[in-house]
Every structure is written in C-alpha cells, then in structure tokens.
1. Looking for whichever is part of a helix (DSSP H, G or I), touching a residue at least 12 places away in the same chain (Cβ under 8 Å) and away from the ligand (no atom under 12 Å from the Cβ) here; the options are K312, K342, K380. Which one fits?
2. Of the residues that make up the stretch 95-111, is at least one assigned to a helix (DSSP H, G or I), in contact with a His (Cβ under 8 Å, 6 or more places away or on another chain) and closer than 22 Å to Q43 by Cβ?
3. Residue check: is A13 near the ligand (Cβ under 8 Å from one of its atoms), in contact (Cβ under 8 Å) with a residue 60 or more places away in the chain and within 21 Å of G335 (Cα to Cα)?
4. Under 9 Å by Cβ, and 6 or more places apart or on different chains, what pairs join a residue from the stretch 148-173 that is within 18 Å of A217 (Cα to Cα) with one that is more than 10 Å from the ligand (Cβ to nearest atom) and aromatic (F, W, Y)?
5. Quick test of your reading of the structure: G368 fulfils all but one of (1) over 25 Å from Y127 (Cβ atoms); (2) touching a Leu at 6+ places or on another chain (Cβ under 7 Å). Name the failing condition by number.
6. Quick test for you: out of V63, V31, pick the one residue that is without any contact (Cβ under 8 Å) to a residue 40 or more places away in the chain, in the same structural domain as P123 (by TED's automatic domain parsing) and β-branched (V, I, T).
7. Taking into account only those residues within the stretch 116-126 that are in contact with a strand residue (DSSP E or B) (Cβ under 6 Å, 6 or more places away or on another chain) and part of a loop (DSSP other than H, G, I, E, B), which is farthest from the ligand (Cβ to nearest atom)?
Amino acid sequence: MNSLKTDVLIIGAGGAGLVAAIHAKEQGVSVKVLTKEYPTRSQTCMAQGGINAALGNVSEDSVENHIANTLKSAHGQADEEAIRFMCSEALETVAWLENIGVCFSRTEDGKIAQRRLGGASAPRACYAQDYTGLKILHTLYDKALSLGIDIENEKFLLELLEDTQGGVSGALMLDIRSGELQKYEANAVILASGGYSRIYDKNSTNSTASTGDGIAAALRVGAKLIDMEFVQFHPTALKKSSILISESARGEGGYLLNSKGERFTNELAPRDEVSRAIHEEMLKGEEIFLDIRHLGEDFIEEGLPQERKLAKLYEDVDPVHDLIPIKPVAHYTMGGIEVDNKSQTSVSGLFACGECANHRVHGANRLGGNSLLEIVVFGKEAGINAAKMAKKSTQLQEKRSIIEKIQGYTNEIDFYEKKQSLGDLLYTKVGIVRKKGELQEVLEEIKLLKSQLPSMGVSDSSKVYNTNLLEFIEFHNVLDVAEVVVRAALKRDKSCGAHFMEEV
Ligand SMILES: Cc1cc2nc3c(=O)[nH]c(=O)nc-3n(C[C@H](O)[C@H](O)[C@H](O)COP(=O)(O)OP(=O)(O)OC[C@H]3O[C@@H](n4cnc5c(N)ncnc54)[C@H](O)[C@@H]3O)c2cc1C
C-alpha cells in the first residue's frame, strides 16, 4: 500500500474541517482534507437558524450577556474561560465570514440582521434567511479551493495510524470509489468528523453521515471522550420524517400547541426544557404542533422560506394555513473528544474540532446558534495549532484494518434491522427522560449486538462503491459510540441539562 504524505491531514470537510484547513494553509504548511461525502453535502449545510455574535444590531446586547446565557444553559458543565474566549471572538468571526463572502441577511439600514433563538436574552443569531449553514459551508468551500487546498471526496476513515512514539501520525482510509485501502501520513491530524446523533438512527435531525466514526476511531487509539451522555433533543422536528423545523420559527414568534390548541410552555426556553415539556404532554396522549400561521405569508416567505418548503414536502402541510405536527428528536451531541484550548486531544499529534470535539463550551445543553460559532472559532485554533506542530517527523506502526477483521464474518443476521431497532431503543430509553434500569437494559443489548457482529457481515462482496460495507463499518462505530453514551449516562446518576434521570 502506497503512503501519501502531508503536513496537516484533516478528516471531515464540514464547517469545522474547512475552517481548520483554511487557517492551517495560511500558516504555510501542506494541507489535505478527506471526507466520506462531498464537502458541500456535509451536515453543516443543514444549519438554518444562525450563528451567534453579540453585535447588537437589532437591540442592545453585549458579549457579557452572550457569556451569561451560554453559561446558564450549560448547567455548570462548561469551562467559563473557553466560553469567554468563544463569545469574545464571535464578533471578529462573523466579520471574517462576511469578508470571505457569506451573504448574511440585512436589516433595513444595511447591518447584519439578527434573530432571537432559545435561551438568548437578545436577538443574537446572524443569519442568511434560514439557509445559514449552507451559505457558510459553500463560502468556506470556495475559499478553500481558492487557496489550493487539496480536498479528496469519498474517502472513508477506517483507523487513525499510530507512530512509534504512541502519537497519531496519519489515517487509514477506504477509497469508496475503488474499494482500495490508502494510508495517509501526516505530522498532525485534525478530526473534524461531526457528531453522533445518528446512533438514534432515524430519530434524529442529522444527516445519515453523523455516525460518530471519528469519535470511535479516536477512542480506539486511546483518546479521552467526555460528556458523552449529553445528547440534545431538539423540540421541533417534523413528526413523520424527523426533519428539523428551525428554532428560528419560534424565535420569530411561533407557538407550541397541544391537541386542545393550548400553549403549554415558554417556547423560547432552552431546548432541554422545551423538549421535556413536549415529552410530558405527549405522555398525556397529546399531539404537539408548531403554529406560525399568525406570522403571515409575506413574513414566512421572506424569513422562513426553507421551513415552509420542508413542511409542505415532508409533512404535507402549509405553515401559512396549517399547524405543523412536530416531535422532539436527537439533534446535537455535546459530548465528544476531549481537547485543550489549543484543540489538542489527549493523544499527541491528534487535534479535534467541531461537533466531534468537546471544547467545553456547551456543557449539558447547547444554545442555538453557538455550534456554528464554535466550529469557526475553534476550527481556526485547531488549524493554526496543528500547523505549528507539523514540523516533527515520525515513523508509522503497522495496523490491521477493520476490513481485514471483518473478512471472515458471516451474514446470518441483518444488521440494518438491528441498526434501526437500536436507534429506536436508544430513543425511548436513552432519550429525553432516562431511568437507571432501562439504561442498564440498553447496555446489555449493545453488548449482545457486539457479540453478534461476527454473524452480521456484509453480503455485497464488490469493491467499487460498496455501500453495504460502509454501512456495516458505520454500524460498528455506532455500537462503540452508543456504548460510551450509555455507560456515561449510567455514571451520572443526577439530572443535568439534556441528561434527565427519572427518580425511581
Ligand atoms: C438540521 C440542523 C440545523 C442546525 N442549525 C444550526 C443553527 O442554526 N446554528 C448552529 O449554531 N448550529 C446548528 N446546527 C448544528 C451545526 O450545524 C453542527 O453542529 C455543525 O455544522 C457541525 O459541523 P462539523 O464541521 O463539526 O461537522 P459536519 O458538518 O457534520 O461535517 C462532518 C464531516 O466529516 C465527514 N466524515 C464523517 N465521518 C467520516 C469518515 N468516517 N471518513 C471521512 N469523513 C467523515 C463528513 O463527510 C463531513 O464532511 C444544526 C444542525 C442540524 C442537523
């Protein structure tokens, strides 16, 4: 197997990966970005509501208020210094995004428009209609291409490669197109591979790619993971498809109603509180709806065009005239790979940023608009610090790939069915409200599934575009990550933010 060498290797071409790539490249080192999908399809493009910065363009606001709101929502589980850094950098971050070409929506006097999201004391989220993530991601991609950054698509991370000093110095990838294994050597590796909400399978707003592959690979080389039990359930996903209806719909004045047409909660409370309020109503047999009819067609068309399209397409309702049926589903994973303030993990040579990392800025519950901010602020740190480290030279150890391990697996049990039923089990028992006995049951189920893996091998033996193989590897990763989530939930026996334990 030929080895390809670069200074900084980045796994993931979402917002975090591309920001890291741009900043690393600007330090004068060689940079390669590998992604299992196409960059512009990364999940960042799904972000709708906005990116937080206390610009005060619509009403008075301050960095101190942004810090205070973020700390409150984190339920004491975040690092105040890290939050202070992120919120203080936010103003320059939005200016940088605008500078490289992001077309933010505008106020009538030409300033960047801002809207209020849950848990914020002022309209703070800068947005591009309800396509904020898409505009940011595409602009970052353009910028990365203009800098000549080498981006390779359809490369699937199998394993991180360790060097003889016990650090990470590369990655073993599967070329999806050819089915060949490829070894990439690097002086520093940045994981920017996104979150793990798809362990809940279809009960998630996330793209199917969010299977926590990077986190599972980091775990296998001994990187520390933290706060894995903190999974955020978003209150308003479409009932049939789990597609997100952005918090901006409530931020702009939308109501939550039960089947009797009654409001039952403060719609702009943090997400953990709103999701629990909905969960309680659902336990009483109520159906829950989002109502934005009173905002009027002109407003909806101008400010929330994507939400209207999604509701029409996937729920067969027009929010201008109809109530939107919704339910809470897994949306964002606060837990992840532990990093310091330089985005360095506990393993030498390995950095992480974006949703796969935990910079301790969200704690037990993330505020809407703070993730896009985090990926740009800490993506920059990861890029710069990895580039600084990319001076050392290393020698790789030999590693067996997962592909070799699963070669002898038989195909008696359908893993697709198991993947879906595990997602449902996690949704009901490791979801908005958790019980110790049920967590234990899920852990046993995960152990059982792991022991059955050798009978769940792939049926498709082709090399080219073997999605059956990729999905099996993702399922492997899902099991590893789900096990850590359940073990972490069992360890934390007190309720905290998104982790809510029912007393027995
Ligand atoms: C519907 C929706 C709406 C949202 N709205 C907002 C919002 O308004 N404001 C806000 O702040 N946040 C929002 N978020 C959250 C935010 O979008 C994400 O947290 C953020 O975009 C994550 O960026 P990332 O770069 O870390 O990961 P991603 O954008 O998920 O990118 C991950 C990258 O890693 C790659 N990858 C994964 N596994 C592998 C592998 N095995 N091998 C190779 N490559 C791999 C993927 O292909 C992808 O390129 C929203 C999230 C969703 C789902």
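The values are calculated or read from the model by the stated rules, or taken from the named source; none is laboratory data. Because the structure is predicted, anything quoted here is derived from the model rather than measured. Don't worry about glycine lacking a Cβ; one is built from the backbone with ideal geometry, like all the others, and counts go over all protein chains shown.
1. Checking each option against the conditions leaves just K380.
2. First, the residues of the stretch 95-111 that are assigned to a helix (DSSP H, G or I): 95-100.
Filter once more, so that each one left must be in contact with a His (Cβ under 8 Å, 6 or more places away or on another chain): none.
So far as the stretch 95-111 goes, no, none of its residues is assigned to a helix (DSSP H, G or I), in contact with a His (Cβ under 8 Å, 6 or more places away or on another chain) and closer than 22 Å to Q43 by Cβ.
3. Values: near the ligand (Cβ under 8 Å from one of its atoms): yes; in contact (Cβ under 8 Å) with a residue 60 or more places away in the chain: yes; within 21 Å of G335 (Cα to Cα): yes.
Yes.
4. E154/Y465; K155/Y184; L161/Y184; G170/Y184; A171/Y184; L172/Y184; M173/Y184
5. So the condition that G368 fails would be (1).
6. Working: V31 fails: without any contact (Cβ under 8 Å) to a residue 40 or more places away in the chain.
Step by step, each of V63, V31 is checked, and only V63 is without any contact (Cβ under 8 Å) to a residue 40 or more places away in the chain, in the same structural domain as P123 (by TED's automatic domain parsing) and β-branched (V, I, T).
7. Pass one, the stretch 116-126, residues in contact with a strand residue (DSSP E or B) (Cβ under 6 Å, 6 or more places away or on another chain): 117, 123-126.
If we keep only those that are part of a loop (DSSP other than H, G, I, E, B) too, we end up with 117, 123-124.
Numbers: L117: 8, P123: 14, R124: 11 Å.
Out of the qualifying residues, it is P123.
Rundown of residues vs (1) modelled with pLDDT under 95; (2) in contact with a Leu (Cβ under 6 Å, 6 or more places away or on another chain); (3) closer than 30 Å to Q232 by Cα, yes/no style:
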position	(1), (2), (3)
A125	no, yes, yes
G133	no, no, yes
L140	no, yes, yes
D163	yes, yes, no
L174	no, yes, no
G194	no, no, yes
D201	no, no, yes
A216	no, no, yes
